[in-house]
Each structure stands twice: as C-alpha cells, then as structure tokens.
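The values are calculated or read from the model by the stated rules, or taken from the named source; none is laboratory data. These numbers were taken from a predicted model, which means no experiment stands behind them. Note that each Cβ is placed from the backbone with ideal geometry, even for glycine, and that neighbours are counted across all protein chains shown.
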Amino acid sequence: MDRAEILEAAAGMKPWLVEVRRLLHMTPELGRREKATSDLISLRLDELGIAHRRGGTSIVGLVEGTSGGPTVALRADIDALPISEANDVGYRSRNAGVMHACGHDAHAAILLGVARYFSERRENLRGNIKLLFQPDEEGDGGAEIMIAGGCLENPRVDRVIGLHVMPYIPTGTIEVRKGALNGSSATLKITIRGKGAHGAYPELGIDAVLIAANVVMTLNTLVARCVSPLEQAVITIGTISGGQRSNIIADEVRMTATMRTTSDAVRDALVARARAVVEGVAASFGGSGELELSYGYTALINHDRTVDTIVEVAGELLGKDAVRWKDKPSMGVEDFSFFIRERPGAFYHLGCGNEAKGITAPLHNSRFDIDEDCLVTGVAMQAGIASRLLETTKAGGTE
C-alpha cells in the first residue's frame with residue numbers, strides 16, 4: 001500500500017465524487033425500486049471500463065488483477081428512505097417523500113471512487129476487487145438475495161468489507177469494534193384469544209385484554225431474568241389492539257413486538273421463552289395464545305484480524321488519533337451481517353459530521369446531510385484496506 005499515492009488519488013477525484021454523490025442524492029429510490037440509481041452506477045462503471053452484471057437493481061462489478069490472487073469484496077447499499085427532505089440545498093431530493101437520509105448515496109459514490117482507483121491500476125493489482133452495490137438494506141434486506149445469486153463466487157470472495165457514514169463522528173475519523181457490532185432482529189406477532197361476553201357478566205367470558213396485559217408484563221421480565229447481564233438483548237412490544245366496545249369483554253387481542261440481541265443463540269432462547277409465555281399465560285386464564293415468528297437480520301460479528309487491518313490502515317492514512325473504538329454494540333440491525341457470516345471481514349463507521357459546517361443531523365432525519373470531505377476519506381480507507389488485504393491474504397481465505 002502506497003500511502004501518499006492513495007491519499008493523492010482520493011483527494012484528486014473529490015469533484016467527481018461530489019458530482020456522483022449529488023446526482024444520486026437528487027434521485028433517491030426505495031428498496032428494490034432503485035432503477036435510476038442502478039442505471040447511474042452502471043453507466044459510471046461502463047465509463048471506467050469495469051465489467052459488471054445486474055440482477056434486479058443489484059450490481060456486481062469486478063476489477064481483475066493478477067490471476068490466482070485473492071479477491072476482496074467491497075459493499076455499498078444504494079436504497080433510500082420514505083422521508084421528505086427538509087434541507088434547502090441545490091442537490092435536494094427531487095422525488096417527493098423519498099430521501100437519502102441514511103447516507104447510502106455516499107456509500108455508492110465512495111465505492112465508485114474505489115472502482116475508479118483500482119481500474120486505473122489494474123496492471124499492479126495482486127488479485128481482484130469485487131464491487132457489491134446492494135439494494136434494499138432498509139427494507140427486507142437485499143444481501144441474502146445477492147448471496148443466493150452468487151455474488152460471493154466466480155471468483156470466490158476471500159474477504160468482505162463494508163462501511164457506514166455516521167454523523168456523530170467527525171469527518172476524517174473512523175469508529176471500529178471487534179466482535180459484535182450490530183444486533184440481530186426478530187419480529188413477534190402475538191394473538192391472544194378469549195371468549196366474548198357482556199362486560200357486566202365477566203364470569204361468562206374469557207378476557208383477552210386481561211390475558212394480553214399479563215403477557216406484556218411477563219414478556220418484559222424475560223431479558224432481566226433469562227439473559228445473562230453480560231449479554232445484550234431487548235424486547236419491545238410496539239403495537240397492541242383488540243376489543244370492540246367498553247362494555248364488551250374482548251375475545252381477541254393482537255400485538256407485535258421486536259426482539260434485538262447480539263447473539264443468535266440468545267435470540268433463539270428468548271424466542272422459545274416468549275412462545276412459552278404467550279401460550280402458558282393465555283392457557284392459565286382459560287384462553288389461548290399464538291406466537292408467529294419472523295426472523296430479520298442476523299447479528300453482525302466482525303472478524304477481529306480484519307478489524308486489526310482496518311485500524312492499521314487508518315493509522316497510516318489518517319493518523320492514530322483518527323481511530324475511535326466503539327464500547328458497546330448497537331441494537332440497530334445491518335444486513336451486511338449476511339455477507340460477513342459467509343466470509344471473513346469487517347464493517348466500520350466513517351465519520352461524516354462537521355459541527356463547524358452545521359452538519360450534525362442524525363441518520364434517518366429529514367435534515368441529514370454529510371460533510372462531503374468524507375467521500376475522500378472513504379475512498380482512501382476502502383482502497384487502502386483492500387490493498388492491504390490483497391497483500392496479506394492468500395486465495396482461499398487464509399492470512
């Protein structure tokens with residue numbers, strides 16, 4: 001890895017990066033509808049002479065280097081959110097009710113910048129760089145679909161790297177964590193069934209509302225009593241509905257809840273206990289309970305040695321003070337977790353905030369924006385990490 005060359009190359013393409021990012025920002029699209037976004041990315045890859053294939057709105061590009069060398073994959077998500085932009089800027093969203101409020105436009109621009117960097121240095125590339133432009137991170141998750149479509153094969157990916165811009169981190173710095181970085185998720189749909197009756201004659205009915213109240217209270221004890229205090233987990237009952245009138249005993253109540261953990265094993269154990277609570281509490285009142293489970297994203301567990309590589313590269317490119325260590329994992333989910341479950345790798349956070357420029361709005365906010373200097377930092381980091389991994393990884397996955 002040539003530090004000076006990477007920094008100079010990344011800085012030199014800043015006007016191009018800003019142009020690409022703003023074009024993407026102005027035409028945001030929701031998950032699996034990213035047609036214009038995918039078209040723009042494909043056009044830029046064509047201009048760079050990079051072979052790529054499309055599947056739906058996903059794109060897999062490949063910069064081929066030395067035959068027999070390792071393959072490093074870099075991922076960028078490309079979808080937007082159903083949010084109306086409040087920023088008064090020349091590049092604000094032109095699609096009503098849709099906005100890049102999570103920085104995926106920056107992620108895509110950075111990956112295109114990395115594609116440009118390596119496309120201009122193919123002759124010196126020891127191995128391959130695979131470019132994963134992934135749709136629908138904010139929705140049902142596009143990672144699993146891309147993996148099922150073979151994005152990690154032909155050539156086989158040996159390492160996979162991802163990043164996410166973060167406005168609470170200053171531009172020019174990164175945040176990393178070994179082990180668990182993001183939690184897993186599961187959605188619980190709960191149905192409580194009782195027996196309807198007149199409210200004046202409770203002995204003739206089975207009160208589904210009363211059963212539901214006891215289920216809610218008991219579910220909220222599970223984390224405290226069934227999960228080690230050294231683990232992380234949360235159960236939140238988000239919706240509850242049932243009953244028809246104030247003087248009628250409800251015969252049915254429906255609830256939905258989300259469960260987040262940093263361990264799939266803890267998640268599975270909690271689901272089993274939650275099901276026992278729903279069925280057992282309802283039965284104790286003479287009613288019945290049913291829990292329908294829908295798994296979301298798996299936990300994102302970083303590969304420690306790859307995190308070491310990221311820290312090493314960041315120290316060389318940005319300075320040792322530019323690295324922040326995240327103390328605790330987030331219970332927010334991230335479907336990069338599916339890539340890293342299949343191949344060793346790591347995910348890190350890229351600073352995009354700048355208080356002096358007034359860029360402080362959080363993710364998923366109508367006033368979210370980035371300090372565009374982060375695009376340069378992102379390209380330098382991703383190019384540097386990929387270069388180092390190509391130097392230290394053998395084809396087949398060993399370091």
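Condition check ((1) farther than 24 Å from T392 by Cβ; (2) outside the structural domain of R343 (by TED's automatic domain parsing); (3) part of a loop (DSSP other than H, G, I, E, B); (4) under 23 Å from the mean Cα position of the chain (by Cα)) across all residues:
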| residue | (1), (2), (3), (4) |
| --- | --- |
| G69 | no, no, yes, no |
| G90 | yes, no, yes, no |
| D105 | yes, no, no, yes |
| V114 | no, no, no, yes |
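Looking at G49, G61, just one residue is in a strand (DSSP E or B), under 20 Å from N154 (Cα atoms), in contact with a helix residue (DSSP H, G or I) (Cβ under 7 Å, 6 or more places away or on another chain) and not aliphatic (A, V, I, L, M), and that residue is G61.
The set of residues in region 212-240 that are buried (at least 16 other Cβ atoms within 10 Å of the Cβ) and of a type in the set (S, T, Y) contains only T218.
Does at least one position in region 26-33 carry a residue that is part of a helix (DSSP H, G or I) and within 30 Å of S387 (Cα to Cα)?
No, region 26-33 contains no residue that is part of a helix (DSSP H, G or I) and within 30 Å of S387 (Cα to Cα).
If you check S337 against the conditions, is it out of contact with any Gly (no Cβ under 8 Å at 6 or more places or on another chain), within 30 Å of M381 (Cα to Cα) and in the same structural domain as K195 (by TED's automatic domain parsing)? It is false that S337 is out of contact with any Gly (no Cβ under 8 Å at 6 or more places or on another chain), within 30 Å of M381 (Cα to Cα) and in the same structural domain as K195 (by TED's automatic domain parsing). Among residues belonging to region 182-204 that are in a loop (DSSP other than H, G, I, E, B) and touching a Lys or Arg at 6+ places or on another chain (Cβ under 9 Å), point out the one that is nearest to S337 (Cα to Cα). Ranking the candidates gives G183 first.
When T71 is tested against (1) out of contact with any Asp or Glu (no Cβ under 8 Å at 6 or more places or on another chain); (2) over 24 Å from V165 (Cα atoms); (3) at pLDDT 95 or above, just one condition goes unmet, and that condition is (1). Here is a check on your reading of the model: is G315 in the same structural domain as Y168 (by TED's automatic domain parsing), without any contact (Cβ under 8 Å) to a residue 40 or more places away in the chain and closer than 26 Å to I129 by Cα? Yes.
Residues that are among the small types (G, A, S) and buried (at least 24 other Cβ atoms within 10 Å of the Cβ) were ranked within region 82-129; the one that is farthest from T171 (Cα to Cα) is G127. The residue that is nearest to T306 (Cα to Cα), counting only those in region 71-88 that are aliphatic (A, V, I, L, M) and either part of a loop (DSSP other than H, G, I, E, B) or not assigned by TED's automatic domain parsing to the domain that holds M146 (or both), is I78. For region 205-252, taking the residues that are assigned to a loop (DSSP other than H, G, I, E, B) and among the charged types (D, E, K, R), the one that is nearest to the chain's Cα centre (by Cα) is identified as E231. Could you tell me whether region 154-172 includes any residue that is closer than 18 Å to S38 by Cβ, surrounded by 22 or more Cβ atoms within 10 Å (Cβ to Cβ) and touching a strand residue (DSSP E or B) at 6+ places or on another chain (Cβ under 9 Å)? Within region 154-172 (the criterion being closer than 18 Å to S38 by Cβ, surrounded by 22 or more Cβ atoms within 10 Å (Cβ to Cβ) and touching a strand residue (DSSP E or B) at 6+ places or on another chain (Cβ under 9 Å)), the answer is no, since none of the residues qualifies. The set of residues in region 356-399 that are assigned to a helix (DSSP H, G or I) and free of Cβ contacts under 8 Å to residues at least 24 places away in the same chain comprises A356, K357.
Of everything in region 116-153 that is assigned to a loop (DSSP other than H, G, I, E, B) and among the aliphatic types (A, V, I, L, M), the residue that is nearest to the chain's Cα centre (by Cα) is L152.
Tell me, please, whether a residue that is under 17 Å from the mean Cα position of the chain (by Cα) and modelled with pLDDT of 95 or more can be found in region 305-325. Among the residues of region 305-325, not one is under 17 Å from the mean Cα position of the chain (by Cα) and modelled with pLDDT of 95 or more, which makes the answer no.
Kindly indicate which of D136, D88, D79, D105 is on the phi > 0 side of the Ramachandran plot and at pLDDT 95 or above. Within the list D136, D88, D79, D105, the selection yields D136.
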